[in-house]
Amino acid sequence: AITRIASPMRSDDDDSTDLFCSGHIHLWNGNVLFVGGTRLYYPPESFRGHKHAVVFDWQTLTWRPVGKTRDGHWYPSLVALADGRVAVFSGFSYDRAAISEWLEFYDPSQPPDRAWTAVHIGGVPNGPFSSAVDQDPANLDGMHWYPKIFPLPDGRLFLTHDGAGLGNLESRNTYFMTV
């Protein structure tokens, strides 16, 4: 059997809630968190991510807004953390055609107005936005769309590049990140 489900509601600020190119992950209770998606989509040069986050409740077949991120995220990766939070990496920014340098955290135990925190990681030493790819110090690495990030048993995150998905296509850097 197939059940038809309505799309998420349009936001009250009239900004897009289009889930195309959003990041998504199952929460501990089986609900699905969707973060970001398409705010602007004008190929070939103008893409932007929106700031909205919604949860799909699999038991009631309803959508519920769970706040906004600090920056937009178009093609982000979501990673479940051991403490129950979700980390949101990358994706095109809200107001510029560039990868977001904001690492955002969603805490499902908090109400929507307090569920989100953000850390700017653009200048973190040895990070994916500040490390040189080769001998040229101006040739900096960058994060890709849907970056490959895996939680490790010791709490660190393993981030690896393969030269695809925007960012610096020459990068083959790998990082261990502590949150």
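The values are calculated or read from the model by the stated rules, or taken from the named source; none is laboratory data. Since the model is a prediction, treat every value here as computed from it, not as a measurement. No Cβ is skipped: glycine too gets one built from the backbone with ideal geometry, and neighbour counts run over all protein chains shown. SASA here: full protein model, heavy atoms, side chains in, ligands and nucleic acids out. Shrake-Rupley method; radii C 1.70, N 1.55, O 1.52, S 1.80 Å.
What pairs come up if the first residue lies in segment 49-73 and is in contact (Cβ under 8 Å) with a residue 40 or more places away in the chain and within 13 Å of Leu33 (Cα to Cα), the second is open to solvent by 50 Å² or more (accessible area, probe 1.4 Å) and small (Gly, Ala, Ser), and their beta carbons are under 9 Å apart, counting only those six or more places apart or on different chains?
Trp63/Ala6; Trp63/Ser7
Residues are listed down the side, and each one gets a yes or a no for (1) assigned to a loop (DSSP other than H, G, I, E, B); (2) under 21 Å from Gly123 (Cα atoms); (3) of a type in the set (Gly, Ala, Ser); (4) under 14 Å from the mean Cα position of the chain (by Cα):
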position: Asn29; (1), (2), (3), (4): yes, no, no, no
position: Arg48; (1), (2), (3), (4): no, no, no, yes
position: Phe56; (1), (2), (3), (4): no, no, no, no
position: Pro65; (1), (2), (3), (4): no, no, no, no
position: Gly72; (1), (2), (3), (4): yes, yes, yes, yes
position: Gly84; (1), (2), (3), (4): yes, no, yes, no
position: Phe105; (1), (2), (3), (4): no, yes, no, yes
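Within segment 126-145, take every residue that is aliphatic (A, V, I, L, M) and open to solvent by less than 60 Å² (accessible area, probe 1.4 Å) and give me the one that is nearest to the chain's Cα centre (by Cα). Don't jump to the end; show me each part of the working.
Pass one, segment 126-145, residues aliphatic (A, V, I, L, M): 132-133, 138, 140, 143.
Those left that are additionally open to solvent by less than 60 Å² (accessible area, probe 1.4 Å): 132-133, 143.
Numbers: Ala132: 23, Val133: 23, Met143: 11 Å.
Going through the qualifying residues, I end up with Met143.
Looking at (1) open to solvent by 70 Å² or more (accessible area, probe 1.4 Å); (2) at pLDDT 80 or above; (3) assigned to a loop (DSSP other than H, G, I, E, B), which is the one condition that is false for Gly123?
All conditions are met except number (1).
Phe92 is checked against (1) out of contact with any Asp or Glu (no Cβ under 9 Å at 6 or more places or on another chain); (2) surrounded by fewer than 17 Cβ atoms within 10 Å (Cβ to Cβ) and fails just one. What number does that condition carry?
Every condition holds for Phe92 apart from (2).
For residues that are part of a loop (DSSP other than H, G, I, E, B) and within 28 Å of Lys51 (Cβ to Cβ), tally how many sit in segment 126-141. Before the answer, list the steps.
Pass one, segment 126-141, residues part of a loop (DSSP other than H, G, I, E, B): 126-131, 133-139, 141.
Imposing the further condition that a residue be within 28 Å of Lys51 (Cβ to Cβ) reduces the set to 127-131, 141.
Matching residues across segment 126-141 total 6.
In segment 40-75, how many are within 10 Å of Gly23 (Cβ to Cβ) and open to solvent by 30 Å² or more (accessible area, probe 1.4 Å)?
Within segment 40-75, residues that are within 10 Å of Gly23 (Cβ to Cβ) and open to solvent by 30 Å² or more (accessible area, probe 1.4 Å) number 1.
Do you know which of the residues in segment 36-46 that are outside any strand (DSSP E or B) and modelled with pLDDT of 85 or more is farthest from Gly72 (Cα to Cα)? Spell out how you get there, then give the answer.
Kept after step one, since they are outside any strand (DSSP E or B), are these residues of segment 36-46: 36-37, 43-45.
Applying the additional criterion that residues be modelled with pLDDT of 85 or more yields 36-37.
Numbers: Gly36: 6, Gly37: 8 Å.
Selected residue: Gly37.
With respect to Asp113, is the statement that it is open to solvent by 70 Å² or more (accessible area, probe 1.4 Å), free of Cβ contacts under 8 Å to residues at least 60 places away in the same chain and closer than 30 Å to Arg64 by Cβ true?
So Asp113 fits the description; yes.
Would you check if Ala118 is within 24 Å of His26 (Cα to Cα) and open to solvent by less than 70 Å² (accessible area, probe 1.4 Å)?
Taking the combined requirement at face value, the residue satisfies it.
Could you say which residue among Leu33, Leu78 is surrounded by 21 or more Cβ atoms within 10 Å (Cβ to Cβ), without any contact (Cβ under 8 Å) to a residue 60 or more places away in the chain, among the aliphatic types (A, V, I, L, M) and in a strand (DSSP E or B)? Steps first, answer last, please.
Numbers: Leu33 fails: without any contact (Cβ under 8 Å) to a residue 60 or more places away in the chain.
Step by step, each of Leu33, Leu78 is checked, and only Leu78 is surrounded by 21 or more Cβ atoms within 10 Å (Cβ to Cβ), without any contact (Cβ under 8 Å) to a residue 60 or more places away in the chain, among the aliphatic types (A, V, I, L, M) and in a strand (DSSP E or B).
Just the residues that are under 22 Å from Asn31 (Cα atoms), out of contact with any His (no Cβ under 8 Å at 6 or more places or on another chain) and not hydrophobic (A, V, I, L, M, F, W, C), please, taken from segment 78-115.
Asp83, Gly84, Arg85, Tyr106, Asp107, Pro108, Ser109, Gln110, Pro111, Pro112, Asp113, Arg114, listed by residue number.
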